[in-house]
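Notes follow the structure.
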Amino acid sequence: MLEIRNLSARVEGNDILRQLSLSIRPGEVHAIMGPNGAGKSTLGNVLAGRPGYEVTGGEVLFHGKDLLAMEIEERAREGVFLAFQYPVEIPGVSNMEFLKAAVDARRRHLGLGELSSFDFMKLARDAAKRVNLDQAFLKRGVNEGFSGGEKKRNEILQMMLLEPSLCILDETDSGLDIDALQVVAAGVNAMRDGQRSFIVVTHYQRLLDYIVPDHVHVLAAGRIARSGSKELALELEAKGYSWLEDEGV
Amino acid sequence: MSELINELPPASVQAQLLQVAEAQSVPAWMSSLRLAGAREWRAAAWPDRRTELWKYTPLAALRNRQFQHASLSQPAWSATQALNVDAIRLVFVNGVFDASASSPGHAAVVRFSDADAQQQALIARHLGHVATTTRHLFASLSNALVADGVLVHVAPDTALDKPVHIVHVAVPQAEPVVVSPRLLVVLEAQAELELIEQFVSDTQEQNGFVNSLTEIHCGAGAQLRHYRINLEQEHMLHVGGVHVDLWRDAHYRGFTLAEGSALKRIDYQINHQAAGASAALDGIYLPRNRQLLDYHTNVEHKAPHCTTSETFRGIVADDARAVFNGRIHIHPQAQKTLAELNNRTLLTSDRAQIDTKPELEIYADDVKCAHGATVSQLDPTAQFYLRSRGLSAIQARSMLSFGFINELLQAIEQPAVREHLHAHLQGLFAEALPGTVTNP
């Protein structure tokens, strides 16, 4: 469902991704690990179309379509979802209004009708419950005054409502205590349905105790230095990342 | 009045508008105020770029039109922006009272032309006395043109059971007209009032000039909630002023919102006349296209233990220009003053402009004052965030713009005003950004 071929990208004049290739089939969970600065977050941002991330080579096919040619919102409507490492606070815009606009945009794209306010409220309340977020958060400004954990749960809530086919979690575990981590992981696991695919970007192995990946990739210097099964993550946890360099990978 | 006109160059705006005054016929009891106004108006130096109070707001738009006094026949109109609220309502069309659109009369609200001797005396005592012309040149024009107006008089210890809602509808006439709406509010001690002033125009292209003046006297312990909303079509010219005197422990809570037009200038002059008075004023300005919108506020702290809190936010779009000047003047005797002034402007295009100047003048040593002004653009990270959830670029911009002012809208206490503006402004942002509805 996602085919990344020789992807190179640059941020502020620095080459970050260097001919990275990765293939993801429906239903798979891929963990991307690696040291700081390896390009982990860049990969997610490039896939989502973030301005300032300049693609200098390669291609990305998403369900057979040229992802890199699409506008940011088209990618989202096609089913790409990036859970932000730092979700943005938008005072004055109600979370509920924002969520409904997002869900309506996706539904229109899929040829489904917009939901009535009533049906949407029901859906949103239900999702909030599942990520253990009080209903009051739906009425507040988008992420306004949310704690770190609340912001991350709000990301998962959006993911549940939008039902994307590719979910990219960008260091979703950073800044989470163990309870919040379990809530987030449970939300993600509930969405694993054999069709939906995940890219889980993380610095630590801890998250992968809860979201068990099918594949683990180690990113170093802008490309995949090593791939393996979930045991690779444990090995990394034990040895750190420096052994990669020692092995001259 | 003719001898006053003769000394001015005949083509000048000043002379032209005095001719309008001369053509009016008015009750004799108003003539001294009119004459004093005409004298002041005639003697004033015409503002230009060197005039500090008009530095950023050229008055050229006034010069090119030959204004007439609004004709007395009742023009037809349809204004969709008028607010639907259960209120004591008075509707004026180009300054002419429209009884059919107004609610039945109320003892506390009277037009000057219907005032009895006692009410005339009350009007004469306050009219032109709350307003000062020092910083508001057009108040003298309003005095020169005063012919009718509305008096709202609330007796001591009394609260009206409904808000008073005054609607001014502008409609274009064959010859451009000048309309000079006048409102006098007298709240006696401990009186309470909710007041909504609304300026709208019908859908046709406007050619008129509204010079509005509102004077408010809040007696000891009186409380006023005042909404003043300018939603006229963009060719309208509007110069308006609100002057408020606050006496001991009086409380004024104001909200003002304006869309821009070819020329729109609004002055607020708030005077803390006695100890313990407090004023809170929120404002929103929304010029777009090639519009100009200028807010000048001036708060005079003349007594100790008074409080001022002022928040203005604006969104300037397209090629529009906005001016905000917020002055707070704390006199030597005004110890223990608490005053804060905050102004934030969002520019949504590279060509939009704002000239903002908060001014604190403090002559007392035991006061707490703060002021600040920021100018920003739409946050690109927030835009990306919204678009990454499937919202179009246009939708994202409109949502972020609305969010910028929504906090002030949500703080509006009167539900009818809040809901009306919420719906109207959401529509405005969607309309300003074509494609939001049809091609999201």
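The values are calculated or read from the model by the stated rules, or taken from the named source; none is laboratory data. Since the model is a prediction, treat every value here as computed from it, not as a measurement. Don't worry about glycine lacking a Cβ; one is built from the backbone with ideal geometry, like all the others, and counts go over all protein chains shown. Accessible surface areas use protein heavy atoms only, side chains included; no ligands, DNA or RNA. Shrake-Rupley method; radii C 1.70, N 1.55, O 1.52, S 1.80 Å.
Per-structure values
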read-out: Mean accessible surface per residue for chain A, computed with a 1.4 Å probe while every protein chain stays in place, in Å²; value: 43 Å²
read-out: Of all accessible heavy-atom area on chain B, the percent that carbon and sulfur account for (1.4 Å); value: 50 percent
read-out: Tilt relative to chain A, helix A:95-109 - C-alpha long axis, 0 to 90 degrees, to 10; value: 70 degrees
read-out: Amide H within-cut-off set for B:Gly314, under 5 Å, with H built and near neighbours excluded; value: B:Tyr285, B:Arg344, B:Thr345, B:Leu346
read-out: Total accessible surface hidden between A and B, rounded to 100 Å², 1.4 Å probe; value: 2100 Å²
read-out: Average beta-carbon neighbours from other chains, 10 Å sphere, peptide A:92-102; value: 5
read-out: Spin-label zone in region A:163-197 - amide nitrogen under 11 Å from a point set 7 Å from the Cα of A:His109 along the C-beta vector; value: A:163-166
read-out: Accessible surface of B:Trp54 - all protein chains present, 1.4 Å probe, nearest 10 Å²; value: 20 Å²
read-out: Shielding by partners - mean other protein chain Cβ count within 10 Å, residues of B:376-385; value: 5
read-out: Computed E for A:Tyr210/A:Glu59 - FRET, C-beta separation, R0 51 angstrom, nearest 0.05; value: 0.95
read-out: Surface accessible to a 1.4 Å probe, A:Tyr210 within the full protein complex, Å²; value: 70 Å²
read-out: Accessible surface ranking that places the most exposed of B:Thr337, B:Thr132 first, with a 1.4 angstrom probe; value: B:Thr132, B:Thr337
read-out: Rounded tilt (10° steps) of A:117-130 against the dominant C-alpha axis of chain A; value: 50 degrees
read-out: Residue-averaged 222 nm ellipticity for the protein assembly as shown, from DSSP H runs of 4+ at -39500 (n - 2.57), nearest 500; value: -8000 deg cm²/dmol
read-out: Label-point separation in nm, B:Ala117 to B:Ala76, each point 7 Å along Cα→Cβ; value: 4.5 nm
read-out: Largest to smallest accessible area among A:Ser165, A:Ser197, B:Ser100 [probe 1.4 Å]; value: B:Ser100, A:Ser165, A:Ser197
read-out: For A:Phe137, solvent-accessible area (1.4 Å; no DNA, RNA or ligand), Å²; value: 20 Å²
read-out: Alpha-carbon centroids, region B:23-71 and region B:337-378: separation in whole Å; value: 30 Å
read-out: Proximal aspartates and glutamates to A:Lys230, defined as alpha-carbon separation beneath 18 angstrom and excluding residues fewer than eight positions away on the same chain; value: A:Glu28, A:Glu171, A:Asp173, A:Asp209, A:Asp214
read-out: As computed over the protein assembly as shown, the Cα convex hull volume per residue (Å³); value: 188 Å³
read-out: Accessible area (Å², per residue) of region B:56-192, counting only protein heavy atoms and a probe of 1.4 Å; value: 42 Å²
read-out: Exposure rank, largest accessible area first [B:Cys369, A:Cys167; 1.4 Å]; value: B:Cys369, A:Cys167
read-out: Inter-chain Cβ neighbour average for residues A:68-80, partner chain, 10 Å; value: 4
read-out: Point-to-point label distance, A:Lys139-A:Gln195, nm (Cα→Cβ direction, 7 Å offset); value: 3.6 nm
read-out: Binned Cα-Cα distance frequencies in region B:147-274 - 10 Å width, integer %; value: 13, 43, 29, 13, 2
read-out: Computed over region B:2-274: relative contact order in percent, which uses C-alpha pairs under 8 Å that are six or more apart; value: 17 percent
read-out: Amide H partners (placed H, <5 Å) of A:Arg223, local residues excluded; value: A:Arg18
read-out: Potential lengthening between B:Arg63 and B:Ser12 on full extension [0.36 nm per residue; Cα-Cα distance subtracted]; value: 17.6 nm
read-out: Prolate/oblate/rounded call for chain B, Cα gyration tensor, a/c under 1.5 rounded; value: rounded
read-out: Global form of region A:38-106, assessed from the alpha-carbon gyration tensor, a/c cut-off 1.5; value: oblate
read-out: Of the DSSP H helices in chain B, those whose Cα atoms cover at least 20 Å axially and whose Kyte score averages 0.5 or more; value: B:393-410
read-out: Calculated FRET value between B:Thr134 and B:Ala155, using beta carbons and R₀ = 45 Å, to 0.05; value: 0.90
read-out: Inter-label distance, nm, simple model (7 Å from Cα along the C-beta direction), B:Asp319/B:Thr51; value: 2.6 nm
read-out: Long pairs among A:Lys151/B:Lys357; B:Lys336/B:Lys357; B:Lys264/B:Lys357; A:Lys139/B:Lys357; B:Lys302/B:Lys357, criterion Cα-Cα beyond 27 Å; value: A:Lys151/B:Lys357; A:Lys139/B:Lys357
read-out: Efficiency of FRET between B:Asp379 and B:Gln333 - r from beta-carbon atoms, R0 60 angstrom, step 0.05; value: 0.85
